[in-house]
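Report on the following structure.
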Amino acid sequence: MPYIADAPVLSRREVGPGCFLVELEAPAVAQDAVPGQFVHVRVSTTLDPFLRRPLSIHRVDTRRGTISLLFQVVGRGTALLAGMRPGERLNILGPLGRGFTVLPPSRDLVLVAGGIGVAPLFFLAERLLGAGHRVTLLHGARTQAYLLLADEFATLPLTYLQATDDGSTGIRGTAVDAFAGLERRPDFVYAAGPMPMLAALAAAVRAVRLGAEFSLEERMGCGVGACMCCSFKSREGEGWAYRRVCVEGPVYPAEKVVWE
Ligand SMILES: Cc1cc2nc3c(=O)[nH]c(=O)nc-3n(C[C@H](O)[C@H](O)[C@H](O)COP(=O)(O)OP(=O)(O)OC[C@H]3O[C@@H](n4cnc5c(N)ncnc54)[C@H](O)[C@@H]3O)c2cc1C
Ligand code: FES
């Protein structure tokens, strides 16, 4: 069930160039959230900007009743968010959308993150590890500085492989290149990142006949299924139909998305 809360900001830390980790006190959201869900954030106390901004739930601490958001400043809304200070309150609506499916245990699972797409995968990795899976995280970014929270991912009991466009660390190339270079075929793939990266990964996953769930990104308006501005094309029967990232997604089976 989604909640609306004026969540106190507990901490705010710059974790990469223009990238911030913010922890909020939001016990009800922390209790109900599943990995892959998002909160719709009011970035200002005025009506400008009018629309909320969607951000994935990066991690939850149910004991302390907190959630964390990891975001990159790309425009006005995220710049306003980056200016929040501990003690201020952030109005959030969530948890929203459909999250990742946690499969039965003892599987080899691969998580693929492109850039800030790593945001929802920390929470997912924790839940998958807790359920007894073997997890490999392929984390790609343009350069080392954007491999956000690499130290914290490295503390999890998973295999952590990095890729950078400029070769500053890990393999030179993208997270999709890292996926293509895997020596062992996983049982299932989860991914989040920019849509062109997800389209390329969908082709790679399809080529080796693997099941996959991707967290999709479209611009959002209402966040609750009313405005249709987050629509994408989903294969249905012999044809396709529009689905909404905010309700039927953001996590969606990769093979059903019409990538164009
Ligand atoms: C379900 C979901 C979860 C998300 N989770 C995160 C997250 O955890 N961390 C994070 O940093 N970002 C996340 N995003 C993207 C984030 O919502 C946008 O970056 C943010 O809304 C931009 O707001 P702005 O006012 O700063 O930028 P704007 O001024 O609105 O736009 C600046 C630029 O960003 C582009 N942009 C804006 N929104 C999106 C979008 N939804 N997808 C792709 N490009 C966009 C615009 O086209 C424009 O070029 C998520 C998006 C979705 C749909
Ligand atoms: S944002 Fe309005 S329907 Fe998805």
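No lab work stands behind these numbers, since they all come straight from the coordinates. Quick caveat: nothing in here was measured; it's all calculated off a predicted structure. Cβ placement follows ideal geometry from the backbone for every residue including glycine, while neighbour counts extend to all protein chains displayed.
Some values worked out for this structure:
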| quantity | calculated |
| --- | --- |
| Rounded to 5, the percent of DSSP beta bridges in the chain classed as antiparallel | 60 |
| Mean residue ellipticity (222 nm) of the chain, computed from DSSP H runs ≥ 4 via -39,500 (n - 2.57), nearest 500 | -5000 deg cm²/dmol |
| Options Gly211, Ala145, Cys229, ranked by Cα towards positive dipole end of the chain, top entry (Cβ charges) | Cys229 |
| Helix 195-207 axis, angle to the chain major axis (alpha carbon atoms, nearest 10°) | 30 |
| Crossing angle, helix 121-130 versus the chain [Cα axis fit, 0-90 degrees, rounded to tens] | 70 |
| The chain, relative contact order [Cα under 8 Å, separation at least 6], % | 17 |
| DSSP-assigned coil residues among GluC sites (Glu not before Pro) in segment 46-155, each with at most 16 further Cβ atoms within 10 Å | Glu88 |
| Residue of Gly115, Gly77, Gly87 that the Gaussian network model of the chain assigns the largest fluctuation, springs spanning Cα pairs under 10 Å | Gly87 |
| FRET efficiency, Thr155 to Thr62 (Cβ-Cβ, R0 30 Å, nearest 0.05) | 0.95 |
